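This report refers to the structure that appears directly beneath it.
Read the figures in this text as sums done on the coordinates, not as results from a lab. The shown structure was predicted, so the numbers you read here are calculated from the model rather than taken from an experiment. Virtual Cβ from ideal backbone geometry, glycine too; neighbours counted across all protein chains shown.
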Amino acid sequence: MAQDHIRYDVLTQDALRGVVRKVLGEVEKTGLPGDHHFFISFATRAPGVRISKKLLDEYDEEMTIVIQNQYRDLKTSETGFEIGLSFDGVSEQLVIPFSALKGFFDPSVEFGMQFEPSSTGMQVEEDFADDKDSGPQEDPGPNEGENLQAGNPENAGPAKDGEKVVSLDSFRKK
């Protein structure tokens, strides 16, 4: 077989990440429509990811967040997104580059995508540098869906020691 100099695999992954960028951009402007909500998994140690040390210690390689009822300060850029969520009643601000995404699933319409690791390693910090001091945010507290943010062990697939992985298939309607 001939060598792929065009790199269709990279172009396809970038296009799929563009779908997530477009969807989150619309949600940023107008909120979640209807029953839509998202499970987004990402590599916690990918370049540009910013999460607290506590979350990084707990989710060493991969984490899944839920964007549903209680999220705040969603901001998107060309390279990633920033979002405020609560974990065990503690408010956290996460910065996630699109290049760190591993999966996206909207169970309301049974739509999902899985991503290959990105080789671009784009940094996101610069995109949000001007928005760092937006002041304290009210913590709305956890909701039912947020307990799934890092994965329920019952739903986890095979994992390495210390790794918590959620299979997106576990959220599909049977």
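May I ask you to sort Ile83, Ile96, Ile6 by Cβ crowding, counting other Cβ atoms within 10 Å and putting the fewest first?
Ile6, Ile83, Ile96
So who's got an amide H within less than 5 Å of the one on Gly80, skipping anything under 5 residues away but keeping other chains? H placed 1.01 Å off N, in plane.
Phe98
Take the alpha-carbon centre of the stretch 52-69, take the same for the stretch 72-107, and report the distance between them in whole Å.
Measuring centre to centre over Cα atoms gives 10 Å.
Under 5 Å between amide H atoms, partner at least 5 residues away or on a different chain: which partners does Glu62 have, H built in plane at 1.01 Å?
Those lying under 5 Å, H to H, from Glu62 are Thr44, Lys164.
Please report Phe38, Phe98 as a ranked list, fewest other C-beta atoms within 10 angstrom at the top and most at the bottom.
Lowest to highest Cβ neighbour count: Phe38, Phe98.
Just rank Lys102, Lys75, Lys54, fewest to most, by other beta-carbon atoms within 10 angstrom.
With the sparsest Cβ surroundings first, the list reads Lys54, Lys75, Lys102.
Please list, in chain and number order, the residues 5+ apart from Phe115 or on another chain whose amide H is under 5 Å from its amide H, with Hs placed from the backbone.
Residues meeting the amide H criterion: Gly103.
Mind listing the phi-derived Karplus ³J(HN,Hα) values for the stretch 90-95, rounded to whole Hz, using 6.51, -1.76 and 1.60 with θ = phi - 60°, and x for any glycine or proline?
9, 6, 9, 10, 10, 10
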